[in-house]
């Protein structure tokens with residue numbers, strides 16, 4: 001055991017594992033936090049004349065890999081992080097119970113070989129995470145993002161100038177949805193404060209905006225995007241062409257232009273979302289998906 005191990009262990013205790021959807025991201029943050037703790041120690045009177053040194057070699061040794069650069073290669077994307085490697089880290093950091101289960105499921109999710117295997121691993125990850133969340137609100141928000149129709153029903157109700165019933169909502173949807181699914185969604189939306197029920201079992205929007213904690217922001221937003229991309233795929237055969245617009249392009253661009261392109265996309269999405277605030281004549285609910293991702297590794 002190295003002289004720095006206690007700081008690596010302390011750093012792991014400061015991090016919330018469920019905020020991460022990537023083993024590499026977790027390890028990168030663990031290294032950074034450990035570095036900070038060691039630097040603070042070196043500046044303290046406790047350090048005396050001795051100064052602890054920290055590097056990727058020491059980091060790897062602390063996590064059970066020996067004096068090797070294996071974790072540096074993982075962090076720069078030149079080496080995969082296997083489930084076996086995750087087991088070493090779990091043992092070194094004394095992970096038990098939920099933390100160990102979540103960590104190994106995360107490694108399994110990242111190592112999935114195809115889309116179906118990846119989806120199954122992600123479902124297991126979400127199930128484990130949901131069971132651990134203490135706040136009932138967080139669990140309800142997971143439910144909100146896990147079904148494509150919850151945001152749709154919420155926006156549809158907000159568009160209406162008068163209260164609407166579950167049956168009226170069903171008749172407006174382009175994608176088929178059972179009445180019991182709509183009623184379950186209405187209950188969830190009511191519990192979250194996004195809509196309110198009238199005496200006649202109809203519903204009105206409240207204008208309440210979604211507010212999520214850090215526990216919800218990362219993983220559940222990923223789940224939301226996955227669901228909406230599935231709906232986009234289905235829309236190509238279900239929705240008439242004149243009512244949709246689907247574009248795709250494979251392009252070569254310089255690396256330095258990527259942040260500029262991302263910023264322009266964000267600006268355009270913000271402008272599109274502002275329509276909701278500008279006009280009071282909203283009568284349709286549309287989904288706007290924009291994806292930008294690389295097919296090549298960083299050179």
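The numbers here are math on the coordinates, done by the rules we state, and not lab data. Since the model is a prediction, treat every value here as computed from it, not as a measurement. For neighbour counting, all protein chains shown are included, and Cβ atoms are generated from backbone atoms with ideal geometry for every residue, glycine included.
Structure notes:
- Here the sum of -39500 (n - 2.57) over DSSP H runs of 4 or more residues, divided by the residues of the chain, equals -18500 deg cm²/dmol at 222 nm, to the nearest 500.
- Separation of the residue 276 and residue 49 label points, Cα + 7 Å toward Cβ, nm: 6.5 nm
- When 296, 206, 68 are arranged by Cβ crowding within 10 Å, least crowded first, meaning fewest neighbours, the order is 296, 68, 206.
- For the stretch 262-299, backbone nitrogen atoms closer than 17 Å to the point 7 Å from residue 232 Cα along Cα-to-C-beta are found at 262-273, 286-295.
- Inter-probe distance in nm under a simple model that places probes 7 Å from Cα toward Cβ, at residue 19 and residue 123: 3.0 nm
- At full extension, residue 251 and residue 116 could sit 45.9 nm farther apart than now, given 0.36 nm per residue minus the alpha carbon distance.
- Exposure proxy ranking, count of Cβ atoms within 10 Å, fewest first, for 156, 223, 106: 223, 156, 106
- Estimated distance in nm for a label pair at residue 140 and residue 241, the labels positioned 7 Å out from Cα along Cα-to-Cβ: 4.5 nm
- Residues 225, 242, 67, ranked from the fewest to the most other C-beta atoms within 10 Å, line up as 242, 67, 225.
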